[in-house]
Amino acid sequence: MKRVLLKLSGEALAGEKHTGFDEPTVARVAGQVKQLVDAGTQVGVVIGGGNFWRGRSSENIDRTKADQIGMLATVMNCIYVSEIFRSAGMKTQIFTPFSCGAFTELFSKDRVNECFEKGMVTFFAGGTGHPYFSTDTTTVLRAVEIEAEVILLAKSIDGVYDSDPKTNPEAVKYDEITIQEVIDRRLGVVDLAASILCMENKMPMLVFGLNEENSIVNTVSGNFSGTK
Ligand code: UDP
């Protein structure tokens, strides 16, 4: 694959701790992304913020402000992961849709392309820059903008199921499913706004378990066992 967009949830960075960062978990991701970059794949990354904060979970403060905190949480996550990637030998650049001074660079498709040409991993932090959106929406938006071939959706479970496998032992995993079915069956793979953007722009998505060994590399090299 020439260019992919990898989405990691905030919780995925936290490992068993469920909050903050778990360095061995992030180092494992870094090792896999390095293999992809070394093989010539251009990798963009979007990271959620759930290991620190979720805008809608706060009842006592204004939603717009709560979402701003959520967007800043994703910036912290990208700075952290970018540094771990650098320590694994990769070159990186973090883009945000709003100014963060010298911490990041304002998102521009041209600058992203320049970075990709230099073999850098690009991070898309700060979500869309707008409240009431999510990093799912950001993922599809950036994937479409940078003309990624596919979205790699790394989850805590190993694909899309017809019901929650944590509560229903009879839950069945899909090998393939359309976004329309995801919407109709309310499977919540990504939120509705992101699903519709994905469908309208015919952006393919591969859903797989981040905790499965070597799952990112396997997914890109065609040894895929998640849901298409
Ligand atoms: N967020 C936002 N706009 C965006 C992206 C994220 O307001 O474009 C905020 C929102 O508060 C969200 C938080 O950042 O709850 C973390 O993002 P994530 O997508 O991880 O949140 P989730 O959908 O898991 O709540």
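Some values worked out for this structure:
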{"read-out": "Within the stretch 143-225, helices (runs of 4 or more DSSP H) holding 3 or more residues that are surrounded by fewer than 16 Cβ atoms within 10 Å (Cβ to Cβ)", "value": "179-184, 192-200"}
{"read-out": "Condition met for THR19 (closer than 20 Å to THR92 by Cα and in contact (Cβ under 8 Å) with a residue 24 or more places away in the chain)", "value": "no"}
{"read-out": "The stretch 30-62, residues that are out of contact with any strand residue (DSSP E or B) (no Cβ under 7 Å at 6 or more places or on another chain), more than 8 Å from the ligand (Cβ to nearest atom) and part of a helix (DSSP H, G or I)", "value": "ALA30, GLY31, GLN32, LYS34, GLN35, ASP38"}
{"read-out": "Pair list, Cβ under 7 Å, 6 or more apart: the stretch 44-67 residue of a type in the set (D, E, K, R), other residue near the ligand (Cβ under 8 Å from one of its atoms) and not in a helix (DSSP H, G or I)", "value": "ARG63/PRO131; ASP67/PRO131; ASP67/TYR132"}
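Let's see how each residue does on (1) assigned to a helix (DSSP H, G or I); (2) closer than 26 Å to TRP53 by Cα; (3) away from the ligand (no atom under 16 Å from the Cβ):
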{"position": "ASN77", "(1), (2), (3)": "yes, yes, no"}
{"position": "GLY89", "(1), (2), (3)": "no, no, yes"}
{"position": "ASN113", "(1), (2), (3)": "yes, no, yes"}
{"position": "GLY129", "(1), (2), (3)": "no, yes, no"}
{"position": "PHE133", "(1), (2), (3)": "no, yes, no"}
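A short reminder: the numbers here are calculations on the coordinates, not readings from a lab. Source: prediction; values computed, not measured. Note: ideal-geometry Cβ built from the backbone for every residue, glycine included; neighbour counts use all protein chains shown.
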